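Just so it is clear, none of the values below were taken in a lab; they were calculated from the coordinates. Keep in mind that this is a model prediction, so the values were computed, not measured. A quick note on method: Cβ atoms are made from the backbone with ideal geometry, for glycine too, and the neighbour counts reach across all protein chains shown.
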Amino acid sequence: MFLITGATGNVGRHLVAELATAGHKVRALTRDPAAARFPAGVEAAATADMPLDGVGAVFVNPAVFHGGFGDLLDRCREHGVRRVVMLSSSSTLDAGPGNPIGQMHLDKEREIEASGLEWVFPRPGAFAANALAWAGQIRADGVVRGAYADAQTAPIHERDIAAVCARALTGDDLVGTRPVLSGPESLTFTDQARRIGEVIGRDVRYEELSREDARAQMLGGGYVTPVIADSLLDMFAACVGRPAEISPEVERITGRPARTFAEWAADNADLFA
């Protein structure tokens, strides 16, 4: 059986579906199991309980574990869990004091490595789902307002991340690896806004804000700390005029090309229209 934390998240829900469709036994963790809607045959359980009986491998979304894993890794060993697949980040490649996101993921990777369990750390870059933060603006007037319009990333569809994680859980060939994952094309924020518009049949444009105004906008939602806001803005600034590196790992691991941003936009068009 596979235990999936963050099972209703952007990656977790696709991973649950991928494993269930392939006929695997899945225990999906969520804060409210009674309200969860998982595919038929999937066992829903409470995140707070973290039941590990009968589990052979665990998918860990580090966002679920604020400040550390607690006794999770010890309990994994006690229950005979063999493998941990953690959703890491390509930001680990530049971890340090100025990159708290990368450093957090790197610290958690090291914690799992030290446990003695088998491990795989998929390291995706920018999620295509980051563009969901624009949905309200697009619905309102078709204008996305943010920093660094010409910053380039290679946004990856979360279904591709899930497909790689499924392979990491079910096969042995990725054990001990840290595959860096990306989408198939380098796009500016302006490009991404335009592609969403093309999919929903509206004119959507990106209006660049000053760094100060963009920072205030990020902090205004209450979900981003000043340190994280500054780190993200620094990263975006460094990506201006620099094409994002495209990784071949999604195709190598899954046997099919990575999905494009336009495909992601089509899959989520109802959220922007």
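The figures follow:
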| read-out | value |
| --- | --- |
| Within the stretch 2-121, percent of DSSP bridges classed antiparallel, to nearest 5 | 5 percent |
| Fraction of beta bridges assigned by DSSP in the chain that are antiparallel (%, nearest 5) | 15 percent |
| Ranked VAL240, VAL144, VAL16, VAL42, criterion: other C-beta atoms within 10 Å, fewest first | VAL240, VAL42, VAL144, VAL16 |
| Rg(Cα)/(2.2 N^0.38 Å) for the stretch 179-273, N = residue count | 1.26 |
| Order of MET86, MET104, MET1 - criterion: other Cβ atoms within 10 Å of each residue's Cβ, fewest first | MET1, MET104, MET86 |
| Residues CYS239, CYS165 arranged by fewest to most Cβ contacts within 10 Å | CYS239, CYS165 |
| Principal axis dimensions, the stretch 2-121 - Cα atoms, whole angstrom, descending | 44, 29, 25 |
| Under the Karplus curve 6.51 cos²θ - 1.76 cosθ + 1.60, θ = phi - 60°, whole-Hz ³J(HN,Hα) for the stretch 142-153, x wherever Gly or Pro sits | x, 10, 8, 10, x, 8, 6, 4, 9, 5, 10, 9 |
| Whole-number percent relative contact order across the chain, with pairs defined as alpha carbons under 8 Å at least 6 apart | 18 percent |
| Hydrodynamic radius (Kirkwood) for the chain, which is based on Cα pairs only, to one decimal in Å | 19.5 Å |
| The stretch 2-121 - percent relative contact order, Cα under 8 Å, separation 6 or more | 21 percent |
